[in-house]
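To keep things clear, I will list the structure first and then write my remarks on it.
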There are 4 protein chains.
Amino acid sequence: MNAELKKRARRKAERPIEILDAAFEEFARNGYAATRLEDVAARASVTKGTIYFYFETKERVFDEMIRYKSQAFFPELESYAGTLEGSYSARLRALMVFVYRKIAEDRPFRETLRFLIADGSRFPDLVDRHYDEFMRPVIDQFRMVIEAGVAAGEFRPSQASTFTEIVMSPALLLTVWSLLFGTRRQIDVAVFTDASIDLLMRGIDTSR
Amino acid sequence: MNAELKKRARRKAERPIEILDAAFEEFARNGYAATRLEDVAARASVTKGTIYFYFETKERVFDEMIRYKSQAFFPELESYAGTLEGSYSARLRALMVFVYRKIAEDRPFRETLRFLIADGSRFPDLVDRHYDEFMRPVIDQFRMVIEAGVAAGEFRPSQASTFTEIVMSPALLLTVWSLLFGTRRQIDVAVFTDASIDLLMRGIDTSR
Amino acid sequence: MNAELKKRARRKAERPIEILDAAFEEFARNGYAATRLEDVAARASVTKGTIYFYFETKERVFDEMIRYKSQAFFPELESYAGTLEGSYSARLRALMVFVYRKIAEDRPFRETLRFLIADGSRFPDLVDRHYDEFMRPVIDQFRMVIEAGVAAGEFRPSQASTFTEIVMSPALLLTVWSLLFGTRRQIDVAVFTDASIDLLMRGIDTSR
Amino acid sequence: MNAELKKRARRKAERPIEILDAAFEEFARNGYAATRLEDVAARASVTKGTIYFYFETKERVFDEMIRYKSQAFFPELESYAGTLEGSYSARLRALMVFVYRKIAEDRPFRETLRFLIADGSRFPDLVDRHYDEFMRPVIDQFRMVIEAGVAAGEFRPSQASTFTEIVMSPALLLTVWSLLFGTRRQIDVAVFTDASIDLLMRGIDTSR
DNA sequence: GATGAATGAGCGTTCATTCAT
DNA sequence: TATGAATGAACGCTCATTCAT
């Protein structure tokens, strides 16, 4: 009976998470407005009323789902960045591989981007948060490596340090591609990443 | 009375277009599901019934709005590409400027991308059409210039010709940035374009 | 050109009839409430506006359609009744055959009954009219023959003269059967008529 | 509180029935298409939403209302038929009285017939069901008695056993009369029944 | 006479939200 | 905690009716 109790307690504690997981799937499938809380409830194996026990409104379910699903890239990134070593070129390459892979493989990240593009105007806080906790840290890490590389004479001085966004733009394209075409026009992430790195590092032009 | 007649006739002919223009604004503001046809009607200064005189369903309004708003980049691109001359490097730069500007300045293009990212799964035909009439033509133009440049020995052989998407990815980032942050974190398109071109042409790395 | 003019004039004169014919078909198919004037118009090869040129409202279209479709049985019946001769038994048989056939074969009659059963409460005048111009005359004719037959000693005195409805009830059953089951459970009208006549004339019982 | 609970539980269980009862009244008054679910709801003292909690569509409300209202004549008839005894003539009379009374007194039966005549084409299953559960059983009972009577030499062989419908046709006339004229031209059921029985048993004709 | 664009009231249906249990 | 019956506002869509041409 103690075991039973514990199981129940554990389940109780996990309820909100189960609901948010279900919400993620449903919102991802239909978008914010077209998702019915009833379907979220069904997917989480609870009833609508239960959702309202844990969350005040549909907006809150969405909001907290996003926060829950998009948390924790920041520390991951920082910690990875801390391990970088060797030439700045190697560091930049490694960072790009890391970020591209994250973006390409992390469905929650991808769908969060979809949510924010679709309904960001209704949830401006989430957009800001996404910038602060994903976009900016990534840009900052790129900038730091690039600036250090320039200082070390390894990279030529260029706009790349002011527009670090450029360096992550192929990764974003990968994401948008996936959001638009799903599995229909899949791009080989590894090869695409290599190509992007190659291009950004060495350029197209031979006339230098 | 002749003037009256003409005005009426002209208005009649323009009704569907006025409705689609209004639909664009409302769908852009709220997304597909959260847009009320009543609001579209009000913005177009007609009543709900009138919309249904011209369009069968809300879906059709959306679909035809997208088609109407995203038409005609293809010929524009082809015609521009036909005027390219000079070194392949110059041609590629010119093409990038042309495409980046289009993407950056054309709100219908931007919002169409938002629509497709948000509700593409409900309108797969529109997604395919967008690929066929925008993405692929752009990619093809880039590829042609790059391959010619490589053949002429002006560009080094690289993955750039197999992953031409990379070349347009900064432009896509510009779009997504705008969709996400609106005017809050605006990027200077001209400078960003220059930077992107510079980077893609010459690369970051100095070690060559 | 004179011919053209005449044709046009004729068509013009026939327009309302064409509309009422079309209305009959549509109302028969869907009932009053579920019929769209647009469909009536289409079937009559005119536009909705034209219907309103000839009829004030949908109710009037229905009303006039019923009057048009159910007219003229009265004189037909009277004139037929005038031709009856021979024994009263033969006259009654002939009258039953005449009435049964009319009911069985006349789709407008059948559908009118459907209309009145379905929407009679909305059109009480039509119901009264149907009674006055169909039900009562039929009953009266039966009654006259029966009473004359009784007076002549050919028929036994019975309730049949007060409840003449009974004599026409098999015909009504035929109608209802058709309205309910369409062609699914068709009854052979001729044989059924004979059987009904036989039964009503001679009875089931042998113990007399 | 226990009383409260019970009352609530009972109400909950009765809700669908209350709705169907209300639906019966409204559909009977206006027909299927012209009935507003809002009025059904009001009559049942609930809101529109509640109806949709119990029934999927307006069609389902109608369908289930018919099934609920027209159930259970079959067993009643069988059980009554089991009690018949005495001469076949007496049995047939008794059966006719039983069926005629049922038809005359049972408003749900009458209105069901109206529904099926009016909207049967939209609900073919209901029409079939009505045939299987009302028309055929009645016909079969009549046929069995008549055939037994013929076998016993009490009835003369006639078409009455192949067209048993004739025997129930006066009852159907009674129904149609009521559907058409309501209380305006009421027929005295008892006397009409007697007259019908008399006529069908003995016939009009004296010339035998 | 005839058209057909336009209206607007109305209805079926949905769904976020509430609340008694 | 959790349920699920109940609500009611809202929205897509329909269609009888009008009216300028």
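The values are calculated or read from the model by the stated rules, or taken from the named source; none is laboratory data. Just so we're clear, the structure is a prediction, and the values are computed from it rather than from any experiment. Don't worry about glycine lacking a Cβ; one is built from the backbone with ideal geometry, like all the others, and counts go over all protein chains shown. The area values use the complete protein model at the heavy-atom level, side chains included, leaving out ligands, DNA and RNA. Shrake-Rupley method; radii C 1.70, N 1.55, O 1.52, S 1.80 Å.
The one condition from (1) assigned to a helix (DSSP H, G or I); (2) under 22 Å from A:VAL127 (Cβ atoms); (3) among the aliphatic types (A, V, I, L, M) that B:ALA148 does not meet is (2).
B:ARG60 - would you say it is under 23 Å from the mean Cα position of the chain (by Cα) and modelled with pLDDT of 95 or more?
Values: under 23 Å from the mean Cα position of the chain (by Cα): yes; modelled with pLDDT of 95 or more: yes.
Considered against the rule, which asks whether it is under 23 Å from the mean Cα position of the chain (by Cα) and modelled with pLDDT of 95 or more, B:ARG60 comes out as yes.
Taking B:ARG156 as the residue in question, decide whether it is over 18 Å from the mean Cα position of the chain (by Cα) and surrounded by fewer than 21 Cβ atoms within 10 Å (Cβ to Cβ). For B:ARG156, the condition - over 18 Å from the mean Cα position of the chain (by Cα) and surrounded by fewer than 21 Cβ atoms within 10 Å (Cβ to Cβ) - is met. Being at the interface with chain C (Cβ under 7 Å from one of its Cβ atoms), in contact with a Gly (Cβ under 7 Å, 6 or more places away or on another chain) and modelled with pLDDT of 90 or more is a description that does not apply to D:LEU200.
Can you name the residue in the stretch C:54-75 that is closer than 30 Å to C:GLY149 by Cβ and touching a helix residue (DSSP H, G or I) at 6+ places or on another chain (Cβ under 8 Å) and is also most open to solvent (accessible area, probe 1.4 Å) among such residues? Even if it seems obvious, please write down each step before you answer.
First, pick out the residues of the stretch C:54-75 that are closer than 30 Å to C:GLY149 by Cβ: C:70, C:72-75.
Those still in the list that are touching a helix residue (DSSP H, G or I) at 6+ places or on another chain (Cβ under 8 Å) too: C:70, C:73-74.
Values: C:SER70: 32, C:PHE73: 9, C:PHE74: 90 Å².
Residue satisfying both the conditions and the ranking: C:PHE74.
When restricted to residues that are free of Cβ contacts under 8 Å to residues at least 24 places away in the same chain, open to solvent by less than 40 Å² (accessible area, probe 1.4 Å) and either near DNA strand F (Cβ under 8 Å from one of its atoms) or in contact with a Lys or Arg (Cβ under 7 Å, 6 or more places away or on another chain) (or both), the stretch A:39-53 contains 1.
Could you please let me know if B:ALA118 is within 16 Å of DNA strand F (Cβ to nearest atom) and in contact with a Gly (Cβ under 8 Å, 6 or more places away or on another chain)? Criteria met by B:ALA118. For the stretch A:159-196, a residue qualifies if it is within 18 Å of the chain's Cα centre (by Cα), in contact (Cβ under 8 Å) with a residue 12 or more places away in the chain, more than 7 Å from every other protein chain (Cβ to nearest Cβ) and in a helix (DSSP H, G or I), and the qualifying residues are A:VAL167, A:MET168, A:ALA171, A:LEU174, A:THR175, A:SER178, A:VAL189, A:THR193. Checked against the criterion of being under 25 Å from the mean Cα position of the chain (by Cα), within 16 Å of DNA strand F (Cβ to nearest atom) and either modelled with pLDDT of 90 or more or within 25 Å of A:ALA118 (Cβ to Cβ) (or both), the stretch A:71-88 contains not a single residue that satisfies it. One residue is enough: does the stretch D:102-117 have a residue meeting the conditions open to solvent by 60 Å² or more (accessible area, probe 1.4 Å), over 28 Å from D:GLU14 (Cα atoms) and away from DNA strand E (no atom under 16 Å from the Cβ)? No - not one qualifying residue is present in the stretch D:102-117.
Given D:ASP128, D:ASP132, D:ASP140, which one is outside any loop (DSSP other than H, G, I, E, B), more than 7 Å from every other protein chain (Cβ to nearest Cβ) and closer than 22 Å to D:GLU85 by Cα? Step through it out loud before you land on a result.
Details: D:ASP128 fails: closer than 22 Å to D:GLU85 by Cα; D:ASP132 fails: closer than 22 Å to D:GLU85 by Cα.
The match here is D:ASP140.
The test for being under 19 Å from A:ASP119 (Cβ atoms), at pLDDT 90 or above and not assigned by TED's automatic domain parsing to the domain that holds A:LYS102 does not hold for A:THR47. Looking at the stretch D:29-77, none of the helices (runs of 4 or more DSSP H) lying wholly inside it contains 3 or more residues that are more than 10 Å from DNA strand E (Cβ to nearest atom), within 14 Å of chain C (Cβ to nearest Cβ) and not aliphatic (A, V, I, L, M).
Taking the stated definitions as given, is B:ARG67 of a type outside the set (Ser, Thr, Tyr) and within 21 Å of A:ARG36 (Cβ to Cβ)? So B:ARG67 fails the test.
Tell me yes or no: at least one residue of the stretch B:130-140 is in contact (Cβ under 8 Å) with a residue 60 or more places away in the chain, open to solvent by 10 Å² or more (accessible area, probe 1.4 Å) and touching a Lys or Arg at 6+ places or on another chain (Cβ under 8 Å). The answer is no, given that none of the residues of the stretch B:130-140 is in contact (Cβ under 8 Å) with a residue 60 or more places away in the chain, open to solvent by 10 Å² or more (accessible area, probe 1.4 Å) and touching a Lys or Arg at 6+ places or on another chain (Cβ under 8 Å).
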